[in-house]
Amino acid sequence: MVRMATRRKMCEEWTRDDLFPNIIKRTKVICHESRTCIAHLSVEGEYEVVDGRSTLPVSLNNKKCACGRWQMSGIPCKHACKAILNARLYPHSFSSKWYIVDNYKAAYQFSIHSIPDMEQWAESKGPIILPPLMRRGIGRPSRN
């Protein structure tokens, strides 16, 4: 309840409309890490990125990289960032739609109402339900 309220209040102060600030910072760090990679154009939107001894295919059209980080997080990995920068495109536009400020605000626009304490609950007129009886299992009991 408190987390929802603080995040709602925090996102009201954001001035940008594309991505939230922590995703922008993470993308900048990832793009900085991509300096060690080399991107080779294969077909329009398809790249082969060399990272040390490994060579990974990157598809900007399908938003996929062979390392799998881009698909898992929705934020371009360093291989994808190198391919995006090589294509002279904007890396923030390749992030998932879930990181857009409007979606964040929509997720935290509702509030959770507090629940009264157990002593303040109304008495139930239904039957009292007890937990099931414990029976001894088959076989020798475990030592733990």
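A compact table of results
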| quantity | calculated |
| --- | --- |
| Coil-residue chymotrypsin sites (Phe, Trp or Tyr not before Pro) of the range 1-110, DSSP, other Cβ within 10 Å capped at 15 | TRP14, PHE110 |
| Cα lying deepest toward the dipole's positive end in the chain, options GLY126, TRP98, THR27, charges on Cβ | GLY126 |
| Only Lys, Arg (+1) and Asp, Glu (-1) charged, at Cβ; the range 22-144 dipole about Cα centre in debye | 520 debye |
| Range in the chain, longest, excluding exposed GluC sites (Glu not before Pro) [loop by DSSP; at most 14 other beta-carbon atoms within 10 Å] | 45-122 |
| Listed candidates [x] 1.29; [y] 1.35; [z] 0.93 - label of the one calculated as Rg/Rh (Cα atoms, Kirkwood Rh) | [x] |
| In the chain, lysine pairs with alpha-carbon atoms under 26 angstrom apart (chain gap of 8 or more, or interchain) | 26 |
| Charge-dipole axis of the chain as Lys and Arg at +1 and Asp and Glu at -1 on Cβ define it, positive-most pick from ALA5, VAL50, CYS81 | VAL50 |
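Just so you know, all these numbers are worked out from the coordinates, no wet-lab data involved. Being a predicted model, the structure only gives us computed values, none of them experimental. Glycine also receives a Cβ, built like all others from the backbone with ideal geometry; neighbour counts cover every protein chain displayed.
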